[in-house]
Amino acid sequence: MSLALADWAEVLDREYLAEFVPRGGASVKIAASPVGTQSAVLDAVAAIARQRNYTVARIDAGETRVQFIEQVFFAVSRQTDWVGLAERWLRAQFAANGVDLPPEQRLDDLDGIAARMEMSAREVMGEVRRWIVNGLQKDYRLTRELRTAMAMLCLAVVNPVNVSPTDAEVLLQWLHGAKYSLSTLKKLQIFTRIGRHNARQLLTSLARWLQINGQDGLVILLDAGEVWSQTPSDPERPRVRYTRNATLDLFEVLRQFIDETDDLEHFLLLVAVPPEFWIDPKKGVSQYTALQMRVADEVRDRERANPLGAAVRLEVTVEVGA
Amino acid sequence: MNGDKVQRLRAAEALRAGVPSRDVVRFFPPQQRDVETRWENVLEAAAQGNTTPGVLLEGDFGTGKSHWLEHMERQALEANFVCSTIVLNKETPLHDANKLLRAAVENATLAGRSGPAFSEIAYSYRSDTAPGYTVLFEWVHSPERDPRLALTLQLFERTRDEEVRERVIEEWTGFPMATGEVKLALREAGVTGFSVPKPRRDNALEKLEFLARFFRSVGYSGWTLLLDEAEMISKYSQRQRGRSYAHLAQLLGAGKGGVHGVACAATITKDYAGQVLYGRKNDMVNVPAKMEHTRDEALAAPAVAGMRFIERGGTDLRPPGKDAVDQLFERARELYSEAYEWAAPPLTQSA
């Protein structure tokens, strides 16, 4: 039984995006729709989420190896305004301490800020460090790695060093999965690379960091259509291809997200899949019982589809181009 | 929307996926008094730094073994333990104690904290303020201990270099530093008059006890290990099964096993003894015989203890009776009604 996309999107908004997720809820949903309509499904949800003050990250399985959790994190990270979040956090600290900084006041203009606070630039820097040590670095809702990275980013925002790559640039390279200077990163008190062992926790912390900075949370929209695509890859623009084993690894990643919603807050992951997700004899979800059991609707109404189900089937009407 | 409603909605989400999450277990705690009592005793003994046999839950698929582990984790976290839940699989096999140790460290959680627990604890560790540091110091310096533990603890305490501290943490969790690296770091930290032995490869359980004591030294009650799907042992080779039974005994405190400060529970399918210990594989006879005169000989006695524990020491999970099922339905209906502010009608049985 299927649901109309518009109806389901309305339910998703009302039951998840409007209040549940902003208040700390988390969910993983799988939406199956006809081949080639995955983008339309995600567009509908993206529009709602963006209206509601979420950070929305779109991931295309044809461009990102989504069977690797750290690649999922990097894809999300590249769509996150880390510097903007650091600036927002800093401005909130100034405001909480009675310092009204107008939007045009640059945070790296310590002299300007010092004049407003009637203290020296050095004293201002001291205050900022104190807020970071007593506030950010003791906010145990975030993993230590993210606390350290955000602390260093905040310091880099107010006191940028005139050397390239700057501290902020190196931190962003680390967060984005790009090559970075190991020696600079170590000077910033970060000693571990981002990998399978910590990527999920960083995603968890990112969702919380967004909420701390006044957003509703993190919505990840994963277009998994490519996993089952039979279309030959364009050699000019090669796409990621998924073997059976890679697909099973992706199922494991999704299963872990479902099992670990305990630790997730302010988070929604929506995976758009084609019907092959259910029916492919080699790469369908029946090949991975642990995920199948979590998303199949063993208990269901005879006549109506459950719009709150972990997995739904959607009817998507795609307008033929004019 | 208040926090209470969010918790109910979270539980409803988890119930849809059939996942025994913390929120589900909060609203549907498992009910079997003998298991509850036994686990309370295990936690109490570990909190006192003692050992007592752990809990081995036996049950068929769907009898609530993982649900129980989630409940036990919640109780342990509330009792101020560091907790690690490990699902045994090909990447975390019971026969490889080093991989078990690493998985336990990676999965360690603390109440109220995000991220790997050990990293959180070690990062803020100060020997001058850790209330149990003297006890830890004395234990690590006793003659039967691996001397590298004492040396690296001293390095951890003395160095101001965060990167060196990170490397020491990695050493304790199964990735040893090069001996030259340790020597240089000790010298730079002002420690002299030492010799650095090579790292041992076979002391994962000693490191486990060291880490449990490390946690206790800063005020935690100890370390809880929850091992899910111990029936994976049946998929290993005979030698690996022998090592697995030995490690299970050592962690569960069967025979002369037990790790001070560690509370352990594990799950296993109900028919394991019949199928594997006495069935075609006949491990009860073949495993100890095969271990004699090999490098695993020292594990033969613990392996037998582990197999005996599986045979006789497990606790059967009893499926709920009709009354209990009816109560669960009613609880689920109440939960749903409160979560969605809608009076869900009672279930009716169809013919």
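Bear in mind that the values in this text are calculations on the coordinates, not laboratory data. Note that the coordinates shown come from a computational prediction; the quantities given were computed from them, not determined experimentally. All Cβ positions, glycine included, derive from the backbone under ideal geometry; neighbour counts span all protein chains shown.
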> Hey, how many Å between the Cα centroid of the range B:6-75 and the Cα centroid of the range B:224-241?
Replying inline: 20
> Once amide H atoms are placed 1.01 Å from N in the peptide plane, what residues at a sequence separation of 5 or more from A:A4, or on another chain, have their amide H within under 5 Å of its amide H?
Replying inline: A:E315
> What relative contact order, as a whole-number percentage, does the range A:128-284 give when Cα pairs under 8 Å and 6 or more residues apart are counted?
Replying inline: 21
> Residues of A:15-24, mean number of Cβ from any other protein chain within 10 Å of their own Cβ, rounded to a whole number?
Replying inline: 3
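At a threshold of 8 angstrom on Cα-Cα distance, excluding pairs fewer than six apart, so keeping six or more, what relative contact order does chain A reach in percent?
Value for chain A: 37 percent.
Please compute the average number of Cβ atoms from other chains found within 10 Å of each residue's Cβ in peptide A:255-261. Mind dumping the intermediate values first?
Values: counts 2, 0, 0, 7, 7, 2, 8.
Mean partner shielding for this stretch: 4.
Quick check: net charge around B:V287, other residues with Cβ under 9 Å of its Cβ, Lys/Arg +1 and Asp/Glu -1?
Working: positive: B:R239, B:R241, B:K281, B:K290; negative: B:D283.
Charge balance in the 9 Å sphere: +3.
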>> I need the peptides B:280-292, A:148-160 ranked by packing, meaning the mean over residues of other C-beta atoms within 10 angstrom, with the highest value on top.
In response: A:148-160, B:280-292
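Kindly state, to the nearest 0.05, the FRET efficiency for A:A4 paired with B:S337, given R0 = 25 Å and r defined as their beta-carbon distance.
Numbers: r = 27 Å, r/R0 = 1.09.
For R0 = 25 Å, the calculated efficiency reads 0.35.
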> Cα-Cα pairs above 32 Å in the protein assembly as shown: how many percent?
Replying inline: 57
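At a temperature of 20 °C and a viscosity of 1.002 mPa s, determine how fast chain A diffuses translationally according to Stokes-Einstein, using the Kirkwood radius over alpha-carbon pairs as Rh; express D in µm²/s, rounded to the nearest whole number. Let's see the in-between values first.
On the way: Rh = 21.4 Å.
The estimated diffusion coefficient comes to 100 µm²/s.
Show me the ranking of peptides B:257-267, A:224-234 by mean Cβ neighbours inside 10 Å, starting with the highest.
Numbers: B:257-267: 25.4, A:224-234: 16.2.
Final packing ranking: B:257-267, A:224-234.
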> Alpha carbon centre of the range A:1-48 versus the range A:165-229: separation in Å?
Replying inline: 25
> Amide H neighbours of B:D316 under 5 Å, counting only residues 5+ apart in sequence or on other chains, H built in-plane at 1.01 Å?
Replying inline: B:E58
> Quick one: net charge of B:E334's neighbours, Cβ under 14 Å, K/R +1, D/E -1?
Replying inline: 0
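Among B:K90/B:K270; B:K198/B:K235; B:K183/B:K207; A:K282/B:K281; A:K179/A:K282, which pairs are too far apart, with a Cα-Cα distance over 25 Å?
Details: B:K90/B:K270 21 Å; B:K198/B:K235 34 Å; B:K183/B:K207 21 Å; A:K282/B:K281 32 Å; A:K179/A:K282 36 Å.
Cα-Cα > 25 Å for B:K198/B:K235; A:K282/B:K281; A:K179/A:K282; rest within.
Per residue of A:181-187, what is the mean number of Cβ atoms on other protein chains within 10 angstrom of that residue's Cβ? If you can, show how the numbers build up before the last one.
Working: counts 0, 0, 0, 0, 0, 4, 1.
Mean number of neighbouring Cβ atoms from other chains: 1.
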> Of A:D81, A:D301, A:D167, which is the most mobile in a GNM of chain A whose springs link Cα atoms less than 10 angstrom apart?
Replying inline: A:D301
> What list do you get for A:W209, A:W131 if you sort them by fewest beta carbons within 10 Å?
Replying inline: A:W131, A:W209
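Looking at the square roots a ≥ b ≥ c of the eigenvalues of the Cα gyration tensor of the range A:1-71, which shape do they give, rounded for a/c under 1.5, prolate if a/b is larger than b/c, or oblate?
Details: a/c = 1.80, a/b = 1.16, b/c = 1.55.
Cα axes put the range A:1-71 in the oblate bin.
Using Cβ contacts closer than 10 Å as the measure, can you line up A:E298, A:E70 from fewest to most? Before the final figure, lay out each step's value.
Numbers: A:E298 6, A:E70 20.
Sorted ascending by nearby Cβ count, the order is A:E298, A:E70.
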>> Using only the alpha-carbon atoms of the range A:115-170 as identical scatterers, what base-10 log of I(q)/I(0) does the Debye formula give at q = 0.15, 0.21 Å⁻¹?
In response: -0.50, -0.84
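Give the shape of chain B as rounded, prolate or oblate, defined through the alpha-carbon gyration tensor: a ≥ b ≥ c are the square roots of its eigenvalues, a/c under 1.5 means rounded, and otherwise the shape is prolate if a/b is larger than b/c and oblate if not.
On the way: a/c = 2.54, a/b = 1.40, b/c = 1.82.
Judged from the Cα gyration tensor, chain B comes out oblate (a/c at least 1.5, b/c at or above a/b).
Within the set of other residues whose C-beta is less than 13 Å from the C-beta of A:T55, count the net charge using Lys and Arg as +1 and Asp and Glu as -1.
Numbers: positive: A:R50, A:R52, A:R58, A:R78, A:R88, A:R208; negative: A:D81, A:D216.
Net charge around A:T55: +4.
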> In nm, to one decimal, how far is the B:Q48 label point from the B:H141 one, both placed 7 Å along Cα→Cβ?
Replying inline: 2.8
> How do A:R200, B:R243 rank when sorted from fewest to most other Cβ atoms within 10 Å of their own Cβ?
Replying inline: A:R200, B:R243
>> Starting from the Kirkwood Rh over alpha-carbon pairs, what translational D in µm² s⁻¹ does the range B:39-123 have by Stokes-Einstein at 20 °C and 1.002 mPa s?
In response: 150
> In nanometres, what is the gap between the two model label sites at B:R280 and A:D234, each 7 Å from Cα along Cα-to-Cβ?
Replying inline: 5.4
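What relative contact order, as a whole-number percentage, does chain B give when Cα pairs under 8 Å and 6 or more residues apart are counted?
Values: 532 pairs, mean separation 88.4, N = 351.
In percent, rounded to a whole number, it is 25.
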